[in-house]
Amino acid sequence: MAVSPESFPPRKRRPSASSFVSPNLSDRNLLHSLYLLSSEISTLQPLLFLLKRNTSSIIRKSKLLSILFEEIHPIQYFPPSAILCFDELYIVLQRMKTLLEDCRNCSKMWLLMQVDVYSNIFHELSLELSTLLDILPAKNLRLNDDVQELLILVTKQCSEKFAYLDPKDRHLRSQVVEMLDRIEREIVPDTCKLADIFDKLTLRDSTSCRDEIELLEEEIQSQTDEKAKSDIIALIGFVRYAKCVLYGGSTPRTNSRRRRAAAAAADISVPADFRCPISLDLMRDPAVVSTGQTYERSSITLWFESGHTTCPKTGQTLAHTDLIPNSALKNLIIMWCREQKIPFESTELNVKSNGVVTNKTALEATRMTVSFLINKLKASQSVDSANRLVHELRVLAKTDSDSRACIAEASALPLLVKLLGSEHPSLQINAVTTILNLSILEGNKTRIMETDGVLNGVIEVLRSGATWEAKGNAAATIFSLSGIPAYKKRLARKTRVVKGLMDLAREGPTNSKRDALVAILNLAGDREAVGKLIEGGVVEMVAEIMDGLPEEAVTILEVVVKKGGLVAVAAAYPLMKKLAIVLRDSTDRARESCAATLVNMCRKGGSEMVAELATVQGIERVIWEIMGMGTGRARRKAATLLRVLRRWAAGLDAEVASGAYSDVNMNTSTRIVLPG
């Protein structure tokens with residue numbers, strides 16, 4: 001699904017003054033461009049909440065300049081000094097236009113905090129304009145008296161000695177700073193004063209506050225100073241608190257940019273190399289581990305936080321858990337997103353904001369917000385009210401670890417359990433997704449597993465949830481909880497969990513299928529759990545989905561065969577022909593897993609298994625192709641597979657069964673003769 005250009009986020013960094021250049025036009029075209037640019041600026045509306053006088057003044061001066069340029073235009077000759085002035089005027093006007101747009105589009109809270117900085121910038125531009133108009137050779141241009149008077153008027157208006165800072169803006173900033181200070185000291189803000197501040201900033205409803213939070217989050221990416229980032233995080237907590245207290249809980253917007261981006265990505269086939277092997281989602285911040293494999297940073301970080309020290313894809317023990325940004329792949333993903341008209345929203349925001357030293361103001365604002373929402377939820381008498389409050393908790397639980405800890409510590413789980421069985425689909429989705437978001441924090445996993453009714457509630461949603469989205473998020477919760485080995489065993493022993501995941505993987509839409517498959521893949525990492533999965537029909541499920549999701553299906557089968565022994569190999573025997581098709585026609589990553597699976601099946605299954613593979617027409621040619629063009633691991637597995645086939649063809653059945661084929665000369669002239 002294509003997305004309109006308007007859905008793309010605004011630029012993350014503002015251009016510097018040196019970024020603007022003159023248009024390098026002929027004299028007359030340059031003057032016409034000056035007229036058009038000044039006219040365009042004069043049609044803009046001044047800000048009504050902050051910097052009102054500054055923006056009005058710039059717009060008024062631009063209107064006078066447009067009249068001036070219109071009067072000068074008929075002149076036939078311009079001296080070189082005048083042309084130089086016109087070039088510089090064009091650059092200043094560009095900067096003026098950008099400054100006005102920047103003030104209009106940026107966060108209002110951050111604009112308020114930086115109001116003196118912006119006032120100085122407006123003043124500097126006015127002084128530059130005054131200087132250029134002062135040195136403009138008006139006499140050589142032979143301007144008439146009216147135009148000369150207009151030029152003198154604009155020059156005079158631009159020559160103010162000091163930057164103007166509206167006392168109302170200064171007072172409003174002081175109020176916000178004082179309120180932030182009181183929050184840091186754990187003093188709950190006065191609701192009337194809070195309402196007055198947000199009214200003056202025109203943040204008068206839940207929607208405008210949500211927009212403000214998104215703008216503040218984007219502002220973090222524009223900052224390089226850690227102190228500025230920390231201050232913005234405090235403002236985000238402040239706005240989120242005020243939004244809940246002043247305007248109550250809110251439901252998600254159907255037309256939000258992030259939802260459109262997710263829908264667009266879901267409707268487009270994402271290249272396999274761009275998807276994280278853990279989450280199977282499009283990577284936004286790819287990072288490389290010590291084995292050379294690439295994962296989404298948040299997914300692999302969660303894997304490490306769950307106590308793992310191995311590479312999820314290869315199973316190798318990692319030399320260290322340091323992550324290296326895969327900038328080359330990220331640039332390719334960004335380019336692909338642009339081509340597909342999918343907004344690229346990096347997860348760097350969460351990484352960077354979480355990396356900032358904890359801001360006490362933000363933490364206390366979060367605690368106040370959680371306390372307010374929990375108390376309201378306890379007293380809620382309507383489904384709609386409860387749904388809005390739980391949605392706010394869901395959003396808050398997604399933001400950072402501090403928020404997840406605060407929500408769990410406020411005893412939210414017992415309240416959420418009661419809502420998991422709600423007949424209201426949206427409320428059920430919000431409740432189970434909040435639990436999913438809470439489970440990301442390591443300490444909360446134990447709370448979820450041990451709090452009475454929570455796990456059973458999640459399992460029930462997985463099996464009979466009102467919507468596929470609810471079932472998918474329940475499966476994702478199972479995946480998150482299974483990150484701890486003890487919980488992985490406990491979950492795998494539950495027949496309801498295994499059956500629920502299998503049914504979702506078979507019947508659900510693509511996104512929900514993937515949630516289930518990721519959970520199954522994680523459970524399959526435990527040998528004891530593999531036995532339960534095989535009993536539950538994991539191999540049959542893989543056979544059913546292999547045509548539609550070959551990469552995911554083969555990846556699961558690889559782990560099951562590796563961990564499940566002869567029982568798994570016997571169960572997978574009917575899939576030999578399907579695996580050969582995947583080996584021939586699928587993606588590099590799927591072929592890699594497929595080759596590894598076939599090697600394990602042939603090693604454990606003996607000559608009967610090898611004979612079945614040998615009956616596949618053209619299999620040797622496919623293996624040779626992978627050896628020449630596959631990934632490094634795929635080439636190694638393909639070479640092993642070819643040795644297995646050649647030993648079988650040579651009649652060395654016993655050696656095939658025992659896996660004694662590693663020293664065969666690859667240059668042997670023995671060939672596999674395949675039936676036509």
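Derivation of every value follows stated rules applied to the coordinates shown; laboratory data play no part. Quantities reported herein were computed from a predicted structural model and do not represent experimental measurements. Cβ placement follows ideal geometry from the backbone for every residue including glycine, while neighbour counts extend to all protein chains displayed.
Quick one: which of Lys61/Lys139; Lys489/Lys562; Lys494/Lys637; Lys229/Lys330 span more than 28 angstrom between C-alpha atoms? Exceeds cut-off: Lys494/Lys637. His308 sits among other residues whose Cβ lies under 13 Å from its own Cβ, and their net charge, with Lys and Arg +1 and Asp and Glu -1, is -1.
Peptides 87-97, 175-185, 140-150 ranked from most to least packed by the mean count of surrounding Cβ atoms within 10 Å: 87-97, 175-185, 140-150. Separation of region 552-621 and region 514-528, taken as the distance between their Cα centroids, equals 19 angstrom.
Computed from Cα positions, the angle between helix 360-379 and the longest principal axis of the chain comes to roughly 70 degrees. Rounded to the nearest 10 degrees, the angle from helix 52-72 to the longest Cα principal axis of the chain is 70 degrees.
Measuring from a point 7 Å past the Cα of Asn375 along Cα-to-C-beta, which residues in region 177-194 have an amide N at less than 20 Å? 179-194, by backbone N distance to the label point.
Greater than 22 Å separation of Cα atoms is the criterion. Which listed pairs, Lys52/Lys108; Lys513/Lys577; Lys499/Lys578; Lys488/Lys513; Lys108/Lys243; Lys418/Lys471, meet it? Check vs 22 Å cut-off fails for Lys513/Lys577; Lys499/Lys578.
Decide, for region 469-576, between rounded, prolate and oblate: order the square roots of the alpha carbon gyration tensor eigenvalues as a ≥ b ≥ c, take rounded if a/c falls under 1.5, and otherwise choose prolate if a/b is larger than b/c, else oblate. Working shown, then result.
Numbers: a/c = 1.84, a/b = 1.11, b/c = 1.66.
Here region 469-576 falls in the oblate category.
Packing, as the average of other Cβ atoms within 10 Å across residues, places the peptides 614-624, 594-604, 544-554 in the order 594-604, 544-554, 614-624, highest first.
Summed over qualifying helices (DSSP H, 4 residues or more, each -39500 (n - 2.57)) and divided by its residue number, the chain shows a 222 nm mean residue ellipticity of -22000 deg cm²/dmol.
Rounded, prolate or oblate: which fits region 380-502 when a ≥ b ≥ c are the square roots of the eigenvalues of the alpha-carbon gyration tensor, with rounded for a/c under 1.5 and prolate only if a/b beats b/c? Taking the square roots of the gyration eigenvalues as a ≥ b ≥ c, region 380-502 is oblate. Shape of region 533-624 from its Cα gyration tensor (a ≥ b ≥ c, root eigenvalues): rounded if a/c is under 1.5, otherwise prolate when a/b > b/c, or oblate? The shape class here is oblate.
Suppose the chain between Leu332 and Lys139 were pulled fully straight at 0.36 nm per residue; how much longer would it get relative to their current alpha carbon spacing?
Values: separation 193, 0.36 × 193 = 69.48 nm, distance 5.66 nm.
Net length gain for the segment: 63.8 nm.
Between Leu127 and Glu625, what is 0.36 nm times their sequence separation minus the Cα-Cα distance? Round to one decimal in nm.
On the way: separation 498, 0.36 × 498 = 179.28 nm, distance 6.91 nm.
That works out to 172.4 nm of additional length.
Between 0 and 90 degrees, the angle of helix 115-135 with respect to the longest Cα principal axis of the chain falls at about 50 degrees. Annotation for Thr291 and Glu178: the two label points, set 7 Å from Cα along the Cα-Cβ direction, are 5.9 nm apart. Computed extension length for Thr224-Asp547: 111.5 nm, one decimal, from 0.36 nm per residue of separation with the Cα-Cα distance subtracted. Remark: spin-label model distance Asp146-Thr309 equals 8.6 nm, labels positioned 7 Å along the Cα→Cβ axis.
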